[in-house]
């Protein structure tokens, strides 16, 4: 009898966890692909800075705990990420994973983000040592980048 109760409780727990895991409101709101609509890096227009490097735009993708950034026509950079939605402003924690040799693997940095519908503002330090931004700006001398991204519609 005790084993039946234990099995029943275990099945109820599994069913409850499955329902919670599938609850859309608990889904990571950053998941998906985002396209740069405007941006600034250290006081300069980010789109112009990308063009100077031969890149036509920027795509950011969040999936499976990894944030990947790809300049159209350039290499892909990958970072493990987690977020702290209780922090004000909301924080994103990044760990370099694959940056094509530009930055050593395993370096940590913290940025901030603001999500309003399908628009994501992401403010990141330009280097891990530059420290966490405290506001959504990237003026000259700040060593920060501010990206305004729009969610790309999912194709079926």
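The values are calculated or read from the model by the stated rules, or taken from the named source; none is laboratory data. Just so it is clear, the structure is predicted and the values come from calculations on it, not from any experiment. With ideal geometry, Cβ positions are generated from the backbone for all residues, glycine too; neighbour counts draw on all protein chains shown.
Quick one: is residue 43 more than 23 Å from residue 97 (Cα to Cα) and either in contact (Cβ under 8 Å) with a residue 40 or more places away in the chain or surrounded by 13 or more Cβ atoms within 10 Å (Cβ to Cβ) (or both)? Explain how you work it out, then say what you get.
Details: more than 23 Å from residue 97 (Cα to Cα): yes; either in contact (Cβ under 8 Å) with a residue 40 or more places away in the chain or surrounded by 13 or more Cβ atoms within 10 Å (Cβ to Cβ) (or both): yes.
Judged against the criteria, residue 43 is a match.
Would you call residue 88 part of a loop (DSSP other than H, G, I, E, B) and free of Cβ contacts under 8 Å to residues at least 60 places away in the same chain?
Spelling it out, residue 88 is indeed part of a loop (DSSP other than H, G, I, E, B) and free of Cβ contacts under 8 Å to residues at least 60 places away in the same chain.
On the basis of being surrounded by 11 or more Cβ atoms within 10 Å (Cβ to Cβ), at negative phi and at pLDDT below 85, does residue 75 make the cut? Can you show your working first?
Working: surrounded by 11 or more Cβ atoms within 10 Å (Cβ to Cβ): yes; at negative phi: yes; at pLDDT below 85: yes.
Here the answer is yes, as residue 75 does meet what is asked.
Quick one: residue 69 ticks every box in (1) modelled with pLDDT of 95 or more; (2) within 17 Å of residue 32 (Cβ to Cβ); (3) surrounded by 15 or more Cβ atoms within 10 Å (Cβ to Cβ) bar one, so which box is it?
Just one mismatch for residue 69, condition (1).
Sort out which residues of the stretch 99-121 are within 16 Å of residue 60 (Cβ to Cβ) and surrounded by 15 or more Cβ atoms within 10 Å (Cβ to Cβ), and write them in order of number.
The answer is 99, 109, 111, 112, 113, 115, 120, 121.
Go through the stretch 84-96 and count every residue that is farther than 18 Å from residue 131 by Cβ and touching a strand residue (DSSP E or B) at 6+ places or on another chain (Cβ under 9 Å). Spell out how you get there, then give the answer.
Keep residues of the stretch 84-96 that are farther than 18 Å from residue 131 by Cβ, which gives 85-86.
Checking the rest, the ones that are also touching a strand residue (DSSP E or B) at 6+ places or on another chain (Cβ under 9 Å) come to 85.
Qualifying residue count for the region: 1.
Filter the stretch 122-133 down to the residues that are farther than 11 Å from residue 111 by Cβ and either within 14 Å of the chain's Cα centre (by Cα) or part of a loop (DSSP other than H, G, I, E, B) (or both) and list them by number.
Once the filter is applied, which keeps residues that are farther than 11 Å from residue 111 by Cβ and either within 14 Å of the chain's Cα centre (by Cα) or part of a loop (DSSP other than H, G, I, E, B) (or both), the stretch 122-133 yields only 127.
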